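Participant: Here you go, one structure.
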């Protein structure tokens, strides 16, 4: 299993990697937002990072992701950088052997993939209407 801060299996091992089941995805017009239900942190992904992350929704090997990224016009290593970012945050795990990813469509010009962790976890972002530090509505 891929642990936080640990890279997935080396490319030669052809181990499939998938998003953890408790990572919730919200698709946006220009990318997606991931919510890790365990840590309660949000991660903002631009369109190219989301396209690569979609490969890991059901499980893909690093080789499959790199090959798909090249067909989209990405430079070598683009998929690896996204996978490294996801693995560093503990958002992925090893997938069952024999899984094959659905191939998502990617349209538009390729840009540098960006996975950005938001500075505050969900419980610090949400406020209660009963919080005495908030002004009362009049």
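Participant: Residue under question is residue 71, and the condition is that it be within 15 Å of the chain's Cα centre (by Cα) and either farther than 28 Å from residue 119 by Cα or loosely packed, with under 14 Cβ neighbours inside 10 Å (or both); does it hold?
Facilitator: no
Participant: Among (1) out of contact with any strand residue (DSSP E or B) (no Cβ under 9 Å at 6 or more places or on another chain); (2) modelled with pLDDT of 90 or more, which single condition is residue 85 missing?
Facilitator: Every condition holds for residue 85 apart from (1).
Participant: Could you check residue 2 against (1) buried (at least 19 other Cβ atoms within 10 Å of the Cβ); (2) at pLDDT 90 or above and say which number it fails?
Facilitator: Failed condition: (2).
Participant: Testing residue 59 on (1) buried (at least 17 other Cβ atoms within 10 Å of the Cβ); (2) closer than 19 Å to residue 31 by Cβ; (3) in contact with a strand residue (DSSP E or B) (Cβ under 8 Å, 6 or more places away or on another chain), one condition comes back false. Which one is that?
Facilitator: That leaves (2) as the condition not met.
Participant: Can you name every residue in the stretch 102-129 that is part of a loop (DSSP other than H, G, I, E, B), farther than 14 Å from residue 50 by Cβ and either at pLDDT below 60 or in contact with a strand residue (DSSP E or B) (Cβ under 7 Å, 6 or more places away or on another chain) (or both)?
Facilitator: 118, 126, 127, 128, 129
The values are calculated or read from the model by the stated rules, or taken from the named source; none is laboratory data. Computed from a predicted model, the values in this text were never measured in an experiment. Here the Cβ is made from the backbone with ideal geometry for all residues, glycine too, and neighbour counts use every protein chain on show.
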